[in-house]
1. Checking the condition touching a helix residue (DSSP H, G or I) at 6+ places or on another chain (Cβ under 9 Å), among the β-branched types (V, I, T) and open to solvent by less than 10 Å² (accessible area, probe 1.4 Å), which residue from V339, V314 passes?
2. When D428 is evaluated against the numbered criteria (1) away from the ligand (no atom under 16 Å from the Cβ); (2) surrounded by fewer than 24 Cβ atoms within 10 Å (Cβ to Cβ); (3) not small (G, A, S), which criterion, by number, is the only one it fails?
3. For residues that are aromatic (F, W, Y) and at pLDDT 95 or above, scanning just segment 397-436, find the one that is nearest to A526 (Cα to Cα).
4. Out of the residues in segment 442-463 that are within 14 Å of the ligand (Cβ to nearest atom) and out of contact with any strand residue (DSSP E or B) (no Cβ under 8 Å at 6 or more places or on another chain), state the one that is farthest from A475 (Cα to Cα).
5. Being surrounded by fewer than 24 Cβ atoms within 10 Å (Cβ to Cβ) and among the hydrophobic types (A, V, I, L, M, F, W, C) narrows it down to one of A379, A383, A467, A457, so name that one.
6. Which residue out of T95, T62, T111 is open to solvent by 20 Å² or more (accessible area, probe 1.4 Å) and touching a His at 6+ places or on another chain (Cβ under 8 Å)?
7. (1) away from the ligand (no atom under 12 Å from the Cβ); (2) crowded, with 24+ Cβ neighbours inside 10 Å; (3) more than 30 Å from L86 (Cβ to Cβ); (4) of a type outside the set (F, W, Y): which one isn't true of E399, the others all being true?
8. Find the residue count for segment 492-509, including only residues that are under 25 Å from L144 (Cβ atoms) and either in a helix (DSSP H, G or I) or in contact with a Pro (Cβ under 9 Å, 6 or more places away or on another chain) (or both).
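The values are calculated or read from the model by the stated rules, or taken from the named source; none is laboratory data. Worth saying up front: this structure is predicted, and the values here are computed from it rather than measured. Virtual Cβ from ideal backbone geometry, glycine too; neighbours counted across all protein chains shown. Quick note on the areas: whole protein, heavy atoms, side chains included, nothing else; ligands and nucleic acids left out. Shrake-Rupley method; radii C 1.70, N 1.55, O 1.52, S 1.80 Å.
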Amino acid sequence: MPDTRTLLLGFAVLALPGAAVAGERPLRVAAASGAPLAEWSARVDSLLASRQLLVRMTRDDTTFPGRRHERLAQLHLGVPVWGGELARQSDAAGTLTVFGMLYEGIDVATTPKLGRADAAARIAAQGGVPLGRAGGPELVVLPLESGYRLAWRVRAFFERSFDVRQLFLDAATGETLVEWSDLQKQTAALGTGVFGDQKKLSVSPGQGGFTTTDRLRPPLISSYDFRYSVDRLIRFLNSFDPVANLTAADLAVDSDNVWTDGAVVDEHVHAGYTYDYYFTRHGRHGLDNADIPIRSITHAIRREDWVFYTTETVDSFFANAFYLGDGIMYYGDGLPPGVVFFGQHVNYLAGALDIVAHELTHGVTDYSSALIYRNESGALNEAFSDMMGTAVEFSFEPEKADYLVGEDVFTPGGIRSMQNPQAFGDPDHYSIRFTGSGDNGGVHINSGIANNDYYLAIEGGRHRLGATVQGVGGANRAQIERVFYRAFTAFLTPNATFSQARAATIQAARELYGTSGAVETAVTQAWSAVGVN
Ligand SMILES: [Zn+2]
C-alpha cells in the first residue's frame, strides 16, 4: 500500500514517517484555513523558489474579482512528476487555498539509459505506427506502488489496436511500465438528431455553398464531415498535428443552406449551445477559457459497415463519441436502425445534447484539472462530464431534461443514470466501488458515485442505504452547477480522489454561498450519503 497522508481542512500536518518507505509517497493537500494554510502558503513559495514547482497555468477568477488561480506542476530535478500538482488560489493579501498532491521521497536519477529516439522506435513498433516529429516521448518521473521510475511517456493513436493509448516506457530498460486507453469516450461496455426538429445554424459562405463554420461566437466552431472515408479518419488519427490536419475541405457543405443532415446539424448546434452554457453560467470562454476553436467530426465510418469491424471498434467508433484533445470531438454515426447492440438501438451520437456537452467538458477538464483518465481521478473526470452534460440539457432542453445520460440516442434508456446508477450496474456508494482494472479502473462505473452525489445535492431525498439529503431543489440547480464547476476546474488536480472532490466542493460552496449555508449542507450531506468522507 502506498503511504498516503492526508492533510484535512483546518487540521495540522501529520508527521513524516521516520523510516524510508518503498513505493510512491503521495502527500494530499487540502488547506483552506488556519495553520495548514499558513504552512502551505510558505511551502509553495519555497518549492517555487527551488524549482520543485513550476507554474503551469494562471487564471483570473471569473466570480471573485482580484482572485487568481495557479496550477503548479511538480518537478524533480527539472523532470515533470506525473500527476504531482497543486492548485493555489490567492488574492492581493496572499494565499486563500491550496489543493492537490505532491510526491515525496523521489530518489531517481534523471538521465535516461534509453534515448528518446530508441524509446520512440520501441513505441512505434508496439503501436504499428511511426511516431511523428511532434509526437516524441516526454521524459517524466512515474510514481508507482513499487516506487518511482524514470519513464518515457507518450499519448498516441495506435493503428494496431485502433485506440489512443497513454503509455510509459521504463527509461532504463525499455519495458512498458503502464499503459491505458486515453480515448475519453461515452461508454466502456457498449446503443434521429436526427429527430426532425428545426434548429438555427450559424454557418459561413464557403467552397460549394455554405460550410459549418460558426463565426458569430467568440471561438471558431467548425464541424467536419469525413464523408465516410475510413482512410481519412486514419490519416487524421495518425497525424501529430490533428488541428492542422483538418482543412476547409473537410467542412460539412450545403449548397442551398437548408441543412438536412441531422448528425451535422446537431454536432454543430450542440457545440454552440455548450459554449453558450459555459459562458453564461460560469463566465468561461470556451474549453481552455481562451476561446480555443471547437472542432467536431462526424460521418467517418458508414453505419452499414459495422459488420466488418470488431466489437471493440464498433464500440469505440460507431456507438460512441470521444474527446480527442486540442478541442476536437469525434461523434460516431451509431448503427443501422434494425441493429440491436448490447440491447439497444444506437442513433447518431451528435444527436444527444448531453453527450456533446459531455465530450466538450472533457476539453474543459483537459485545460483545467487535467484529471488523469484512470482510477478515481478518471471516474471524477467522467462524472464531471456527466454533470455538465446534464446541466446543459436542463438549460437548453428543460422540457425533456432528466438525469439519464445519452437517452436520446441509446434507446431504450440511455447508458447511465445519475439518479439511480445501479439501474445500469454502476455503484451509488463508495463502499461498493469497482476495484478491478477494467474500464481504466472503472472510470465509467465509479463515476456513478459522484453522479449520484450531484443528483442528491440538487434534488435531495433518501439514498438507497438510508441517508437523507436536504437538496437545494431543482429551481436552484445553478448553485450546485457552480459549486461543482468551481471545485472541478479550480481546486482539483490531476490525481484527485473522491475525498478531495468532497473537500473541494465544500470549499467552493462556502466561498460562493457562505459557510454553513443551505448549499454547503446539501453538498456535505450528499457526499456523506454516497459514502465519501
Ligand atoms: Zn466521457
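1. Of V339, V314, the one residue that is touching a helix residue (DSSP H, G or I) at 6+ places or on another chain (Cβ under 9 Å), among the β-branched types (V, I, T) and open to solvent by less than 10 Å² (accessible area, probe 1.4 Å) is V314.
2. Against the list (1) away from the ligand (no atom under 16 Å from the Cβ); (2) surrounded by fewer than 24 Cβ atoms within 10 Å (Cβ to Cβ); (3) not small (G, A, S), D428 comes up short only on (2).
3. Y430
4. G442
5. Only one candidate qualifies: A467.
6. T62
7. (2)
8. Filtering segment 492-509 down to residues under 25 Å from L144 (Cβ atoms) leaves 492-501.
Filter again for either in a helix (DSSP H, G or I) or in contact with a Pro (Cβ under 9 Å, 6 or more places away or on another chain) (or both), leaving 495, 498-501.
The number of residues fulfilling the criteria is 5.
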